[in-house]
Amino acid sequence: MTEQTIQSQPAVQQASAPYTYEERIGNRWAPALLYTAGVAFVAVAIMHQVYPLMYVGLGCVMTHSFVFARQPEQAAPSSIKSSYKIASTLVYVVALIALLEPAINGDAQEIWRLITIIALGFTFSRWVMTGYHPLSQEQE
C-alpha cells in the first residue's frame, strides 16, 4: 500500500481595496452638532408641549442617526462591543428622560434643564456615541 498525503490548496485571497473608514468611539464635529441641535429642538418641543413638532424633530433625529450610523463602504470590521453601544445609549436615554420628566409635569425650571440637555447631547454624540471616521493616509 502506498501512503498519500493530502495537501489542501492554499486559500486564494482576493485583493481588496484597503479600508478607508473605521468605527471609533466619538463622532465627528458636523454630525455631533447636528445631533445636538435636533435633541435641543425635541427637548424644547416637549417642554412646551408642542407634540406635532416633537414628532417632526424625533423623525429628523432618528433619520440623522440612521444615516450617520450606516456602515460606509470599505469600513474596517468593528472592534467595539455591542454591549458598549447598548449600555451607553441606555444610560443616555434614561438621563434625558430624568431631565425632561419634571419639565413635562409643569416644573418651571426649563432653562437649566435645556442647557443640561444640550450639554449632555453634545457630550454623548461627540465623545461617547460610535461613529465612522475616515482613515488618514498615514495609517494605510
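The values are calculated or read from the model by the stated rules, or taken from the named source; none is laboratory data. Predicted model, so just to flag it, every value in this text is computed and none were measured. Cβ placement follows ideal geometry from the backbone for every residue including glycine, while neighbour counts extend to all protein chains displayed. Side chains are part of the model used for accessible areas, which takes the heavy atoms of the whole protein and leaves out ligands, DNA and RNA. Shrake-Rupley method; radii C 1.70, N 1.55, O 1.52, S 1.80 Å.
Summary of values
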item	result
Total residues in region 89-106, condition open to solvent by 50 Å² or more (accessible area, probe 1.4 Å), of a type outside the set (Val, Ile, Thr) and farther than 11 Å from HIS48 by Cα	3
Complete set of residues in region 73-88 that are open to solvent by less than 60 Å² (accessible area, probe 1.4 Å), touching a residue at least 40 places away in the same chain (Cβ under 8 Å) and part of a helix (DSSP H, G or I)	SER88
Search result, residues across region 38-62 that are assigned to a helix (DSSP H, G or I) and over 20 Å from THR123 (Cα atoms)	ALA45, ILE46, MET47, TYR51, PRO52, LEU53, MET54, TYR55, VAL56, GLY59
Test set (1) at pLDDT 90 or above; (2) over 14 Å from PHE124 (Cβ atoms); (3) among the polar types (S, T, N, Q); (4) in contact with a Phe, Trp or Tyr (Cβ under 9 Å, 6 or more places away or on another chain) - SER88 fails condition number	(2)
Test: residue in region 97-108 that is of a type in the set (D, E, K, R) and over 18 Å from LEU33 (Cβ atoms)	yes
Count of region 27-45 residues which are at pLDDT below 90 and surrounded by 14 or more Cβ atoms within 10 Å (Cβ to Cβ)	3
Criterion (over 13 Å from GLU22 (Cα atoms), among the aliphatic types (A, V, I, L, M) and at pLDDT below 95) met by exactly one of ILE80, ILE111	ILE111
Selected residue (only one of TYR55, TYR51, TYR21 is open to solvent by 60 Å² or more (accessible area, probe 1.4 Å), modelled with pLDDT of 95 or more and of a type in the set (Phe, Trp, Tyr))	TYR55
